[in-house]
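Taking it in order: structure first as structure tokens, then the write-up.
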2 protein chains.
Amino acid sequence: MASQHPVAPGRIVAIGGAEDRTSDLEILRQVFALAPEGQDEVAVIATASSIPDEVLPDYEAAFSRLGASRVHSLAIRDRRQAAEAETVRRIEQSGVIFFTGGDQLRLTNVMGGSDTLTAIRNRLKAGAVVAGTSAGAAAMPGTMIYNGAAADALRKGAVNMTFGLGLVEGLIIDSHFLERGRFTRLMEVGATNPEYLGVGLGEDAAVIIHPNRVLEAIGPGHVILIDSRDLASSNIADLAMGEAVAIEHQVLHALVNGHGFDIEARRYLTADALSTTLADLR
Amino acid sequence: MASQHPVAPGRIVAIGGAEDRTSDLEILRQVFALAPEGQDEVAVIATASSIPDEVLPDYEAAFSRLGASRVHSLAIRDRRQAAEAETVRRIEQSGVIFFTGGDQLRLTNVMGGSDTLTAIRNRLKAGAVVAGTSAGAAAMPGTMIYNGAAADALRKGAVNMTFGLGLVEGLIIDSHFLERGRFTRLMEVGATNPEYLGVGLGEDAAVIIHPNRVLEAIGPGHVILIDSRDLASSNIADLAMGEAVAIEHQVLHALVNGHGFDIEARRYLTADALSTTLADLR
């Protein structure tokens, strides 16, 4: 089946938070390795973070260790800064663009419609890698979750959603997924519209979203998928706000490092199957 | 398909913890209503609890309000007490036997192989209702979970299991399920042996297990089912202890009050279908 959601040639890497930044750098190493040949500058965008001065030096050190010729530390606090030509220029120079964690609503509120975001989309189309952790991962799709206590989810309206950065379509991403028990959030989203794949990223785990819309799990943690495409029934449309949502039939997968998933075919890929699927791209 | 796990004529009610004990008593009311005609004494067993003197008066007040002619408050602290003829006699008089929360390992350690447990099994066979909340629910099946941090689960060996009270077979029960994000625990158990249905009880939610092996969800909370019968693959047998478990295809349901599930047929029952299925029993 041909995808209705073509993606750009560049890879997206969505990380569940708390990735190793000081030791083996397992995930960050793979992010950097995806940069196009000869494009070894990295732009780190800390807009989501309330403590950019604490976060940016960690990533600067990590990417420098990995071989970046230059790391552009971009705090980008407001919409004026997101429109600055100098910021756009730094994005255009970078083979890796990285969004830190923090608050995804701060990220979209500052970046939405900005020249910097347009530049990032263009870089992705040109083959650069765009990565993000925690809030920076959650914000990547066309629609994102920005609030909703896991313990109260599965009650109509408990999950707050809005437009994300629009870098990938057809799925929704949640982070800190196993650690904060967020299964109910993606279950509720799946009931509202079963077309969209729920991607729950554990800490120190990530997915690479390849141009052929194949997900590749990397890192020591888990990537949980909640696939609602074959949802049989739900009462959600009949409920008042706050009432308990019933769900009949969602499919659950747990991916580990080296396993994958074909989004369009809705097919789980064990290590061998993933290698075969990705061989065409290399 | 005929069940290979015939259950006794009495109902089992497994409650996810934190059920209302002072206001509407929604779940406890339904527990009491399941008692056989004319058998309105209740035995409350607080063996699992480390604070029986605080817990027992609450249940005594609640069941008295609901119309119990007598509430037997049984702390049962050790194996000697679990063997006492007087305790056995109180169980034999009761139409409802109720296990409080606490530590399920304390419950099985004290009750396993005791005359009191034999008496409870005989009461269930004779049509009495056996209910339990939290640890008292988790301990009901032939096999139970007694430890395993949800955030660390889905790593081989992270979930500790042992024999339960053996009152129902073919499933495993976890409590405080949505509130403590315990999805990973039942996912791991399902990967170890896909035959057994995972039943995750939210707080102030419960399932009635009917004699025809149909589950009926009651209460304001959710009952989550993780059905691994059609598990496609998992790496669990190949892993070293502590390594990340991969899972391809488990089926997830969220039941609300009045919805049900046929364990043998592995069939979700919306309210109308459940009524039809249960009509034969009434």
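The values are calculated or read from the model by the stated rules, or taken from the named source; none is laboratory data. Owing to the predicted nature of the structure, the values given are computational and were not obtained by experimental measurement. All Cβ positions, glycine included, derive from the backbone under ideal geometry; neighbour counts span all protein chains shown. These accessible areas exclude ligands, DNA and RNA; they are computed on the full protein's heavy atoms, side chains included. Shrake-Rupley method; radii C 1.70, N 1.55, O 1.52, S 1.80 Å.
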Task: Chains B and A, summed buried accessible surface - 1.4 Å probe, Å², nearest 100 - done: 2500 Å²
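Provide the convex hull volume over Cα atoms per residue for the range A:132-228, in Å³.
Numbers: hull volume 7.9 nm³, N = 97.
Hull volume normalised by residue count: 81 Å³.
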TODO: Give me the percent of DSSP beta bridges within the range A:12-281 that run antiparallel, rounded to the nearest 5.
DONE: 60 percent
Open item on the list: Taking every pair of distinct Cα atoms and averaging 1/r, then inverting, what Kirkwood hydrodynamic radius in Å comes out for chain A?
Closed with: 18.8 Å
Task: FRET efficiency estimate (nearest 0.05) - Cβ-Cβ, A:A61 to B:A279, R0 60 angstrom - done: 0.30
TODO: Taking the rotation that carries B onto A, look along its axis and tell me which residue of B has the beta carbon nearest to it, distance in whole angstrom.
DONE: B:G181, 1
TODO: Out of all DSSP beta bridges with both ends in the range A:164-282, state the antiparallel percent to the nearest 5.
DONE: 85 percent
TODO: Using a Förster distance of 41 angstrom, determine the FRET efficiency expected from the C-beta separation of A:M241 and A:D53, and round it to 0.05.
DONE: 0.50
TODO: May I ask for the net charge around A:N122, where only other residues with Cβ less than 14 Å from the Cβ of A:N122 are counted and Lys, Arg are +1 while Asp, Glu are -1?
DONE: +3
- [ ] Would you work out the charge dipole size for chain B about its Cα centre, treating the Cβ of every Lys and Arg as +1 and the Cβ of every Asp and Glu as -1, and quote it to the nearest 20 debye?
- [x] 500 debye
TODO: Return the whole-Å distance between the Cα centroid of the range A:15-41 and the Cα centroid of the range A:229-275.
DONE: 28 Å
TODO: Under 16 Å from a label point 7 Å along Cα→Cβ of B:R229: give me every residue in the range B:157-184 with its amide N that close.
DONE: B:169-172
- [ ] For the range B:130-282, report the accessible area per residue in Å² (1.4 Å probe, heavy atoms, rounded to an integer).
- [x] 31 Å²
- [ ] Write down the Kirkwood hydrodynamic radius of the protein assembly as shown, to one decimal in angstroms, obtained as one divided by the mean of 1/r over all alpha carbon pairs.
- [x] 25.0 Å
Task: With Cα atoms, 0 to 90° folded angle of helix B:183-192 axis to chain B main axis - done: 70 degrees
TODO: Give the nm distances, rounded to one decimal, from A:A149 to the matching residue in every other copy, measuring between label points 7 Å along Cα toward the beta carbon; shortest first.
DONE: 2.3
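As a test of the formula, what do you get for the protein assembly as shown when each DSSP H run with n ≥ 4 contributes -39,500 (n - 2.57) and the sum is divided by the residue count, at 222 nm and rounded to the nearest 500 deg cm²/dmol?
Rounded to the nearest 500, it is -7500 deg cm²/dmol.
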- [ ] For B:A85 and B:R267, calculate 0.36 nm times their separation in residues minus their Cα-Cα distance, and state this gained length in nm to one decimal.
- [x] 61.2 nm
Task: Percent accessible area from carbon and sulfur atoms, the range B:196-282, protein chains only, probe 1.4 Å - done: 48 percent
Task: Delta accessible area of at least 10 Å² on complex formation, residues of the range A:139-159, 1.4 Å probe, chain isolated as reference - done: A:A151, A:L154, A:R155
TODO: May I have the convex hull volume per residue, in Å³, for the Cα set of the range A:33-146?
DONE: 90 Å³
Task: Only Lys, Arg (+1) and Asp, Glu (-1) charged, at Cβ; the protein assembly as shown dipole about Cα centre in debye - done: 140 debye
Task: Complex-versus-alone comparison for the range B:180-221, residues with a loss of 10 Å² or more in accessible area, probe 1.4 Å - done: B:G181, B:F183, B:T184, B:M187, B:P220
TODO: Could you work out the relative contact order of chain A, using alpha carbon pairs under 8 angstrom and six or more residues apart, expressed as a whole percent?
DONE: 19 percent
Task: Among A:L124, A:A232, A:L66 the positive-end extreme of the charge dipole of the range A:12-281 (Cβ point charges) - done: A:L124
- [ ] Extending each Cα 7 Å along its Cβ direction at B:R21 and A:Q93, get the distance between those two points in nm, one decimal.
- [x] 6.6 nm
TODO: Give the percent of DSSP beta bridges with both residues in the protein assembly as shown that are antiparallel, rounded to the nearest 5.
DONE: 60 percent
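Say R0 is 35 Å: what FRET efficiency, to the nearest 0.05, do A:N212 and B:E169 get from their beta-carbon distance?
0.15
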Task: Pairs of Cα atoms farther than 18 Å apart, the range A:136-188, % - done: 27 percent
Open item on the list: Past the 16 angstrom mark, what percentage of all C-alpha to C-alpha distances in the range B:85-175 do you count?
Closed with: 55 percent
Open item on the list: Kirkwood Rh and Cα-based Rg: tell me the resulting Rg over Rh for the range A:148-282, rounded to two decimals.
Closed with: 0.99
